[in-house]
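See structure below.
The values are calculated or read from the model by the stated rules, or taken from the named source; none is laboratory data. As the structure is a computational prediction, the values presented were derived from the model and not from experiment. Cβ placement follows ideal geometry from the backbone for every residue including glycine, while neighbour counts extend to all protein chains displayed.
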Amino acid sequence: MAQAPKISRIEAVVNVASGGASAQDDEQMRALLAGYGAHANVQVADSGEIERRLRSAVDAAPDLLVILAGDGTARAAADMAGPQGPMIAPLPGGTMNMLPHAVYGAVPWREALTDALERGVERDIGGGLIEGRSFLVAAILGAPALWAPAREAVREGQLRLAFARMRRAWRRAFSGRLRYALDDGPRGKAEALAFLCPLASTALADEAQSLEAAIIDPQTVGEAARIGFKALVDDWRNDPAVSAGPCRQARVWAASRIPAVLDGEPVWLATNAAVDWRPQVARLLAPRREAG
């Protein structure tokens, strides 16, 4: 059974430009960490400062690096720390918070941090790599990735913006299918591909040494609309037009740049992208796995 790690020095970075953290969170974090008997240094970062603040925190070589920010900042911290650096505690301080919710559940950051400090254990985390960009939860490549910005607009109550983004996603449907090759398998074509890390996959065990690759291949506009709707309100992986299996390496190419979402962050990839499994990206302070 994993043992609770000894934590005597903590560095924390609060990104107040991430959309979900504020100066009040900084004060509350200082007060919370002060109650655990560890030496804690809390830094506040605004836009343009985050890389410098993260580097300073990692270079201080603490036992634990606490990140209250969005998924992009959490991924950057994990990449900087690496498997030999400090443990990471990624807390929900952004808009989507895919990584914190996958690790701690959809709970407020104070509850997640308290539980991690009192009952957490060290866990290695693996992930994927695309064009030098890490993802620790999931990556979606292809036209359905364009539904993610629409979903965010719905969550924020910006219905006019959501409708505009939905129209854009609809226009891209079937406009350019992806070509792909998974591991040593044959080449194929699909509307989109998704790669899920063990942290997020319901089909893979936490200790699995691969990604889960999901092939999204609707045959009609109606099926594409159904998947797009599920991207807004449900789990698109349960759709009958989606098939999935383990994958360690993949190559994806298309006639034009590929829209993608990496851990909730929309990006544009080149016309030819390689996807690779990384078995050990960083160490997490995470809840203890329950038997069964």
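Does GLY292 meet the test of being at pLDDT below 80, surrounded by fewer than 16 Cβ atoms within 10 Å (Cβ to Cβ), more than 18 Å from the chain's Cα centre (by Cα) and not assigned by TED's automatic domain parsing to the domain that holds CYS197?
Details: at pLDDT below 80: yes; surrounded by fewer than 16 Cβ atoms within 10 Å (Cβ to Cβ): yes; more than 18 Å from the chain's Cα centre (by Cα): yes; not assigned by TED's automatic domain parsing to the domain that holds CYS197: yes.
Against the criterion (at pLDDT below 80, surrounded by fewer than 16 Cβ atoms within 10 Å (Cβ to Cβ), more than 18 Å from the chain's Cα centre (by Cα) and not assigned by TED's automatic domain parsing to the domain that holds CYS197), GLY292 qualifies.
Would you call ALA31 over 23 Å from the mean Cα position of the chain (by Cα), more than 24 Å from ARG75 (Cβ to Cβ) and modelled with pLDDT of 85 or more?
Working: over 23 Å from the mean Cα position of the chain (by Cα): yes; more than 24 Å from ARG75 (Cβ to Cβ): yes; modelled with pLDDT of 85 or more: yes.
Yes; evaluated as a whole, the condition is true for this residue.
Would the stretch 110-118 turn up any residue that is over 22 Å from ALA40 (Cβ atoms) and over 12 Å from the mean Cα position of the chain (by Cα)? Outline the logic, then answer.
We begin by selecting, within the stretch 110-118, every residue over 22 Å from ALA40 (Cβ atoms); these are none.
No.
Can you pull out the residues in the stretch 250-267 that are assigned to a strand (DSSP E or B) and under 16 Å from the mean Cα position of the chain (by Cα)? Talk me through it step by step, then tell me what you get.
First pass over the stretch 250-267, keeping only residues assigned to a strand (DSSP E or B): 250-253, 258-262, 265-267.
Residues satisfying the conditions are ALA260, VAL261, LEU262, GLU265, PRO266, VAL267.
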